[in-house]
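Below is one structure, written out as structure tokens, with a few remarks after it.
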Amino acid sequence: MISDSNTIALVVGASGIIGSNLAQELLHGGWTTYGLARNPGTDVAGLRPVAADLLDPAGLAAALAEVQPTHVFITSWLRQDTEAENIRVNAGMVRNLLAALSPKGTVRHVALVTGLKHYLGPFDAYAKSGTLPLTPLREEQPRLPLPNFYYAQEDEVYAAARDGFTWSVHRPHTVIGKAVGNQMNMGTTLAVYATICRETGRKFQFPGSAAQWNGLSDVTDARVLAQQLVWAATTDAARNEAFNIVNGDVFRWSWLWPRLAAWFGVEAAGFDGTVRPLEAELAHDAALWREIAERHGLAEPDLNRLASPWHTDLDLGRPLEVMTDMTKSRKRGFLVYQSTEDSFFDLFEQLRADRLIP
């Protein structure tokens with residue numbers, strides 16, 4: 001959607017997978033767009049960087065002194081060791097941000113990106129609430145009786161909405177897109193793993209569970225999520241609602257895994273009765289990746305800035321198949337669709353073009 005001259009977007013977490021794709025979508029639509037991060041990059045042409053720490057209220061207020069956004073998109077979070085700390089830190093970041101913006105009186109809409117842990121449970125109790133949720137996952141399903149930082153973030157937005165802005169909450173599945181230094185980055189993680197397999201002759205071994213290998217699944221292309229965020233921020237029918245967001249197709253990893261392997265020219269190995277976590281598989285490959293990067297002239301020699309195996313293991317090790325219902329936003333007019341196979345292949349081409357994989 002093309003913006004009017006009075007729309008000013010603030011993308012919080014602009015250096016991540018979601019934020020960077022959203023910034024590009026907004027700028028393409030003619031929005032004046034600010035990108036807030038602790039260390040904002042310059043990769044997105046036209047994005048106005050704002051360097052700020054959401055845990056520093058005074059510094060945050062100073063950094064936003066001249067910014068008067070009409071639309072705020074919160075795509076940032078910080079991983080902590082426990083869910084209690086996740087709640088304290090991540091709810092605090094949302095609270096500090098909205099408190100800093102409140103005196104301006106310019107905010108019309110706040111969008112918050114969370115995810116399917118809304119239904120599956122937090123990191124330290126993942127899919128362990130006692131009863132596995134019914135799939136496909138639907139927005140009407142109630143909160144779990146567990147502490148969850150997603151719920152705390154939502155509650156901060158709801159409380160701040162007394163200022164009069166509308167809101168939307170967006171719940172993607174695994175997000176596929178380019179980012180460096182990101183904590184939740186399956187697409188790039190699998191690209192790095194496949195590259196290492198090709199360089200060493202290892203098999204491209206599926207690391208997850210039988211349920212994930214055999215069951216139906218879906219993912220979220222970061223570009224599709226960006227389009228839904230803009231749609232919800234500018235569509236009356238989407239006001240004050242939570243929406244799932246996935247590509248719109250479903251697949252089985254038993255079908256997709258050999259296709260990913262073929263793109264890299266490596267031998268695929270499927271689920272063999274044992275979960276084989278990528279975190280252990282890649283634990284000793286930092287020096288190897290540095291050597292690969294040097295040999296091929298790659299832009300990022302630090303394996304830990306490209307791969308997030310812990311999160312890929314979390315997704316692929318689930319004890320249930322996970323599908324996400326899109327009826328709610330479809331009925332309100334959001335009809336974007338994306339082939340998941342193409343999501344991965346487009347990402348791999350981009351990573352190669354940017355010299356992040358050979």
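Considering (1) touching a helix residue (DSSP H, G or I) at 6+ places or on another chain (Cβ under 7 Å); (2) modelled with pLDDT of 95 or more, say which one Lys117 fails and leave the rest. Condition not satisfied by Lys117: (2).
Restricting to region 157-189, give me the number of residues that are closer than 25 Å to Leu278 by Cβ and under 13 Å from the mean Cα position of the chain (by Cα). Walk me through how you get there before you give the answer.
Restricting attention to region 157-189, the residues satisfying the condition of being closer than 25 Å to Leu278 by Cβ are 171-189.
Applying the additional criterion that residues be under 13 Å from the mean Cα position of the chain (by Cα) yields 171-188.
Of the residues in that region, 18 qualify.
Of all residues in region 266-294, which are among the small types (Gly, Ala, Ser), open to solvent by less than 60 Å² (accessible area, probe 1.4 Å) and either farther than 25 Å from Pro319 by Cβ or out of contact with any helix residue (DSSP H, G or I) (no Cβ under 9 Å at 6 or more places or on another chain) (or both)? Ala286, Ala293, listed by residue number.
Every condition in (1) in the same structural domain as His109 (by the TED database); (2) within 20 Å of the chain's Cα centre (by Cα); (3) part of a loop (DSSP other than H, G, I, E, B) is met by Glu154 except one, and the failing one is (3).
Listed by position, the helices (runs of 4 or more DSSP H) inside region 265-320 whose residues that are over 19 Å from the mean Cα position of the chain (by Cα), of a type outside the set (Ser, Thr, Tyr) and assigned by the TED database to the domain that holds Phe348 number at least 2 are 278-281, 286-296. Please determine whether any residue of region 275-285 is touching a Leu at 6+ places or on another chain (Cβ under 6 Å), β-branched (Val, Ile, Thr) and within 23 Å of Thr200 (Cβ to Cβ). Within region 275-285, none of the residues are touching a Leu at 6+ places or on another chain (Cβ under 6 Å), β-branched (Val, Ile, Thr) and within 23 Å of Thr200 (Cβ to Cβ).
The values are calculated or read from the model by the stated rules, or taken from the named source; none is laboratory data. Given the structure is predicted, the values throughout are model-derived calculations rather than measurements. Cβ atoms come from the backbone with ideal geometry, glycine included; neighbour counts cover every protein chain shown. Quick note on the areas: whole protein, heavy atoms, side chains included, nothing else; ligands and nucleic acids left out. Shrake-Rupley method; radii C 1.70, N 1.55, O 1.52, S 1.80 Å.
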